[in-house]
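Working notes, beginning with the structure itself.
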Amino acid sequence: MLQLHLFTDQLCRLHSPGMGHPERPERLDAVTAVFDTCDGKPGVTIDPGRDATDAEITAVHTAALLERVRDSQQREIAVFDADTVANSHSCAAALRAAGSACAAVDALFSGQAQRAFVGTRPPGHHAEADRPMGFCFFNNAAIAAEHARRHHGVSRIAIVDWDVHHGNGTMHSFYADPGVLYVSLHQFPLFPGSGRLEETGSAEGTGYTLNLPLAGGRSDNEYLFLFDTLVVPLLDRYQPQLVLISAGFDAHERDPLGSMLLSDAAFAAMTERLTGVAERHAEGRVAALLEGGYSLYGLQLGIAATIDGLRGAQRAAPADARQSATATGGSHTIVDSAVEQIAERAADTLSRQWGRFTV
């Protein structure tokens, strides 16, 4: 029986950036509502996680950043930038989020679980080595990847980031590093302004970053077209030993901060494709880590869909994906030409490093 570990803790609800901030405590209520429906299902374990150690944080971040975040515990409000604000509980929540990401990796490599979902907050993928930003204090995905390398001897990790915002901090953590393949599908232009198609890595990491910047209004089928023509073939060539998902749900059609039109079915379909990669190359090991998502209902739908994808539960394919399967010429008939052009340019770039890609 497939074992799925779900990580969350009410400690993460205590972090509050202030009235009116989109990264609000009620986001954890959406997580809890979904996890409650999973409680008691065969193979599902709900775990409060743990705090990250100083060594786990400083494997990715500077000691000075850790101390700045820790110092915020002494103040009612600590402003790191206009978007990134802490109260006295934010450091504890951020340490629990990062530590739970590491605990998820441990569960996968100990054999306790084949899949994991870390439903914590604050999110992490914008946090740079020396700077909290974009609602993020510690980079949970990068910390989990480093933990897998240092404690489990993993040499090839794939991080797939489908948050509507580009994960600048995660990309920069591994930009010159072939041990982590970073793939991002994101709205562009949009905060933080990084994630151009031309950003493909540097030095030994050249070719190990794939950015797919998309105009707003992209739908299920266009994301799945990119998964099927680029993302999954690239991951299959890389053969990761662990798949991490930066699972933001602000590309959902209900989200107020993004302009994408993804249904919850798209998140299930993308997850299913990534679990397939993990089954082929990583003994099934996949961990999804919560990033953004600011419509509470959209967040709840997206989390539930992703968990279904992790568990292998059957869901109907997105409607436009079903059309593309039967239409003459396949998905090309209903994919926007601008998305096809991005795919063709990305395929050309990837072919220099990985061999021929066809779109």
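The values are calculated or read from the model by the stated rules, or taken from the named source; none is laboratory data. Keep in mind that what you see is a predicted model, and the values were worked out from it rather than measured. Here the Cβ is made from the backbone with ideal geometry for all residues, glycine too, and neighbour counts use every protein chain on show.
Tabulated data
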| read-out | value |
| --- | --- |
| Count of residues meeting criterion [in contact with a strand residue (DSSP E or B) (Cβ under 9 Å, 6 or more places away or on another chain) and in a loop (DSSP other than H, G, I, E, B)] in region 256-274 | 5 |
| R149 being closer than 20 Å to D161 by Cα, in contact with a strand residue (DSSP E or B) (Cβ under 6 Å, 6 or more places away or on another chain) and of a type in the set (D, E, K, R) | no |
| Criterion violated by A33 - all others in (1) among the aliphatic types (A, V, I, L, M); (2) over 22 Å from the mean Cα position of the chain (by Cα); (3) outside any loop (DSSP other than H, G, I, E, B); (4) surrounded by fewer than 20 Cβ atoms within 10 Å (Cβ to Cβ) satisfied | (2) |
| Evaluation of G134 against (1) touching a strand residue (DSSP E or B) at 6+ places or on another chain (Cβ under 8 Å); (2) closer than 26 Å to L11 by Cβ; (3) buried (at least 24 other Cβ atoms within 10 Å of the Cβ); (4) not hydroxyl-bearing (S, T, Y) (one fails), failing number | (1) |
| Test: residue in region 163-170 that is buried (at least 23 other Cβ atoms within 10 Å of the Cβ), of a type in the set (D, E) and modelled with pLDDT of 95 or more | yes |
| From G284, G302, residue being at pLDDT 95 or above and at positive phi | G284 |
| Subset of region 77-110 that is touching a Cys at 6+ places or on another chain (Cβ under 8 Å) and hydrophobic (A, V, I, L, M, F, W, C) - its residue that is farthest from T53 (Cα to Cα) | A93 |
| Evaluation of R13 against (1) in contact with a strand residue (DSSP E or B) (Cβ under 9 Å, 6 or more places away or on another chain); (2) more than 14 Å from F137 (Cβ to Cβ); (3) surrounded by 14 or more Cβ atoms within 10 Å (Cβ to Cβ) (one fails), failing number | (1) |
| Test: V105 is assigned to a loop (DSSP other than H, G, I, E, B) and among the hydrophobic types (A, V, I, L, M, F, W, C) | no |
| Complete set of residues in region 242-255 that are closer than 30 Å to G20 by Cβ and either aliphatic (A, V, I, L, M) or not in a loop (DSSP other than H, G, I, E, B) (or both) | I245, S246, A247, A251, H252 |
| Answer from V243, V232 - the residue that is among the β-branched types (V, I, T) and more than 15 Å from the chain's Cα centre (by Cα) | V232 |
